[in-house]
Amino acid sequence: MTIQVTVPDVGEAGEVEVIEVLVAVGDIVAKDDSLVVLESDKASMEIPSPYAGKVVNIAVKEGDSVEEGSLIVELDVEGESESESESEAKAKAEAADKTQENDRPAPSEPKEPIAATAPSKAVEEQAAEVSSSETIDQLVVVPDVGDAGEVTVTELLVKLGDVVEADDSILVLESDKASMEIPSPFGGEVIEILVEDGAVVTEGDPLVKLRTTQRTQQKTSPQTPTHQAVKGAAAEPVVEEKNLTPVVETSSPQSPSQESVGEVANEKIHAGPAVRKQAREYGVNLSQVTGTGQKDRVLKEDVQAFIKAQLKTREGSAAGQVPAGGGIPPIPSIDFSKFGEIELRPLSRVRRSSARNLHRSWLNVAHVTQFDEADITDLEVFRKSQNLELASAGDKLTPLAFLIKACVHALIKYPQFNSSIDVDYEYLTLKKYYNIGIAVETPDGLVVPVVRDADKKGVVELARESAKLAGQARDKKLPLDAMQGATFTISSLGGIGGTAFTPIVNAPEVAILGVSRASMGPVWDGQAFAPRMLLPLSLSYDHRAIDGAEAARFANYLTQVLGDVRRLIL
Ligand code: CAO
């Protein structure tokens with residue numbers, strides 16, 4: 001015979017939305033298999049099939065608004081024992097008769113509408129009349145764990161069949177900073193353990209299911225959303241009330257409170273039970289999934305897309321391409337005002353952009369830094385003498401112009417430093433032009449203008465041009481194309497101080513020269529220590545493109561050129 005499954009009493013919700021249809025026409029479902037997921041403003045509920053049978057018609061589709069009594073699906077239950085179906089339907093009809101609310105056909109008629117899940121008021125009243133107690137299955141979920149975000153189950157303190165009292169510890173969760181025993185918010189028998197040792201969970205994830213026995217007078221009315229599977233002891237074979245509010249949540253590990261129902265968690269992650277189940281099965285942390293449903297609700301497709309993206313990230317990582325942010329555990333977002341006074345300073349556009357570029361380079365490049373020292377005693381004598389002559393023309397040589405020139409020479413000798421590596425590691429692109437980026441500190445953040453064709457320019461011209469670019473950068477007057485096309489970068493902190501640092505390669509370039517402050521130091525000349533002006537160099541390079549030995553040679557060659565500037569004319 002054909003059974004119509006209708007929307008049960010949804011309490012105060014009135015209209016609810018069909019957010020998922022879990023079956024298709026022709027599907028064979030078992031009793032209690034979920035048919036659809038309905039969602040009110042406050043919560044979601046899966047509607048289980050009241051009988052085993054074959055789905056012969058689906059009367060709703062995702063997005064439909066339905067109310068109590070609306071037809072959901074039609075089931076062919078002929079495979080079922082007729083007498084059992086009849087007796088169940090009869091029990092429902094009798095219960096409904098008690099309140100004279102039943103205008104449905106008699107249960108023996110071929111199309112008997114059956115409210116699928118939540119017991120109607122009448123059914124509950126019937127249950128109250130025939131039973132002095134009822135069992136209620138309730139989930140204990142991960143409470144608010146503060147800034148911890150993800151926590152690990154480190155110890156299960158209960159096993160199946162254990163009877164716990166309210167406030168008995170049921171398991172231990174551990175964050176980076178602390179362990180916490182999670183007390184049960186209510187007493188009952190442990191009928192399901194939903195996590196295992198080592199599981200990583202977040203706020204709202206279910207931990208254990210407890211079955212409590214309560215006096216019927218204490219039971220929750222269908223108008224009050226609860227997360228209880230109510231099993232009326234006698235009126236119905238099994239009438240399971242699915243939750244209108246999916247979690248029973250404790251307000252904190254220290255003070256569990258059954259009143260603070262899971263709407264908080266619900267608001268944080270808007271997802272139906274089926275989606276939560278799917279997420280649990282695949283170990284997906286729903287807080288990391290972007291919901292594309294109404295009000296950012298997380299749909300099954302969102303979880304699937306998230307899993308796909310994660311897999312891609314792993315494939316990418318295996319191939320050495322790490323998409324920005326992919327697979328990287330996020331740094332927890334902390335409310336610092338809890339610890340003291342704070343000020344929010346918005347980042348400039350320049351700082352945001354350089355933060356993104358630096359992060360991207362840091363993630364992609366296999367950084368190694370080679371340190372060396374150049375003896376620039378003679379260079380400094382020459383530079384200062386030149387400056388005396390150049391002053392009248394308004395020009396000034398700083399060590400930077402010589403560094404640019406020396407780097408161009410080294411790049412010509414070691415062309416792989418003037419290259420970019422193919423993303424598939426098939427080849428290096430060697431560039432036959434020499435454009436040197438110069439890291440310039442500005443009030444808005446780091447800017448890297450480019451001295452073009454540096455190989456074709458003399459030291460004075462390089463000094464003039466780099467000073468002009470640095471000035472334009474600080475005055476925010478750099479033309480856009482002045483920051484493009486660099487093949488190698490110099491970051492000089494020499495005017496400021498420091499003995500060494502590890503600059504980040506400006507990918508897709510493969511190397512960067514960091515320059516620290518030159519200072520006088522003793523150098524052994526074979527017979528005695530002599531005072532020499534030593535310039536610290538820090539050459540960071542992408543080890544994917546450059547071998548360590550090549551880097552040592554490049555840095556060494558630089559020291560030779562800077563140590564004897566006559567080489568620059570060779
Ligand atoms: N050792 C000792 N003194 C140095 C030196 C060094 N390595 N480099 C420069 N100096 C001296 C200069 O000769 C100058 O001295 P005088 O005024 O007596 O001649 C003084 O320090 C100031 O130089 P400068 O910094 O104005 O000029 P510059 O050409 O050396 O540098 C620029 C230009 C744009 C690189 C620099 O101004 C700048 O912005 N540096 C910061 C770069 C930065 O932030 N890098 C970090 C990036 S993170 O990777």
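The values are calculated or read from the model by the stated rules, or taken from the named source; none is laboratory data. Given the structure is predicted, the values throughout are model-derived calculations rather than measurements. In this analysis, Cβ positions are derived from the backbone assuming ideal geometry, glycine residues included, and neighbour counts consider all displayed protein chains. Only protein heavy atoms, including side chains, enter the accessible area calculation; ligands, DNA and RNA are left aside. Shrake-Rupley method; radii C 1.70, N 1.55, O 1.52, S 1.80 Å.
Here are some notes:
- Of the strands (runs of 3 or more DSSP E) lying entirely inside region 436-533, the ones with 2 or more residues being at negative phi and of a type outside the set (A, V, I, L, M) are found at 440-442, 488-492, 519-524.
- Criterion: more than 38 Å from the chain's Cα centre (by Cα), open to solvent by 30 Å² or more (accessible area, probe 1.4 Å) and farther than 25 Å from ASP481 by Cβ - qualifying residue of LYS413, LYS432: LYS413
- Here region 474-513 is the region considered, the condition is being of a type in the set (D, E, K, R) and touching a residue at least 24 places away in the same chain (Cβ under 8 Å), and the residue that is least open to solvent (accessible area, probe 1.4 Å) is GLU509.
- Scanning region 455-493 for residues that are more than 10 Å from the ligand (Cβ to nearest atom) and among the β-branched types (Val, Ile, Thr) yields VAL459, VAL460, THR487.
- Residues that are more than 13 Å from the ligand (Cβ to nearest atom), open to solvent by less than 50 Å² (accessible area, probe 1.4 Å) and not hydroxyl-bearing (Ser, Thr, Tyr) within region 338-363 comprise GLY340, LEU363, listed in sequence order.
- Test set (1) within 15 Å of the ligand (Cβ to nearest atom); (2) open to solvent by 60 Å² or more (accessible area, probe 1.4 Å); (3) aromatic (Phe, Trp, Tyr) - TYR425 fails condition number: (1)
- Note on region 514-570: residues that are within 16 Å of the ligand (Cβ to nearest atom) and open to solvent by 90 Å² or more (accessible area, probe 1.4 Å) total 3.
- Near pairs, Cβ below 8 angstrom, 6+ apart or cross-chain, from region 421-439 (over 30 Å from VAL459 (Cβ atoms)) to any residue that is open to solvent by less than 60 Å² (accessible area, probe 1.4 Å): ILE421/VAL510; ILE421/ASP542; ILE421/ALA545; ASP424/ALA319; TYR425/GLY320
- Taken together, LYS396, LYS405 contain a single residue that is in contact (Cβ under 8 Å) with a residue 60 or more places away in the chain and surrounded by fewer than 17 Cβ atoms within 10 Å (Cβ to Cβ), which is LYS396.
- Residue within region 549-568 that is assigned to a strand (DSSP E or B) and either out of contact with any helix residue (DSSP H, G or I) (no Cβ under 9 Å at 6 or more places or on another chain) or in the same structural domain as LEU397 (by TED's automatic domain parsing) (or both) present: no
- Flag if PRO443 is at pLDDT below 95 and either over 34 Å from the mean Cα position of the chain (by Cα) or within 11 Å of the ligand (Cβ to nearest atom) (or both): no
- Flag not set for GLU134, criterion: among the charged types (D, E, K, R) and modelled with pLDDT of 70 or more.
- Condition met for LEU400 (assigned by TED's automatic domain parsing to the domain that holds ALA555, within 12 Å of the ligand (Cβ to nearest atom) and in contact with a strand residue (DSSP E or B) (Cβ under 9 Å, 6 or more places away or on another chain)): yes
- Residue within region 494-505 that is more than 14 Å from the ligand (Cβ to nearest atom) and in the same structural domain as ILE421 (by TED's automatic domain parsing) present: no
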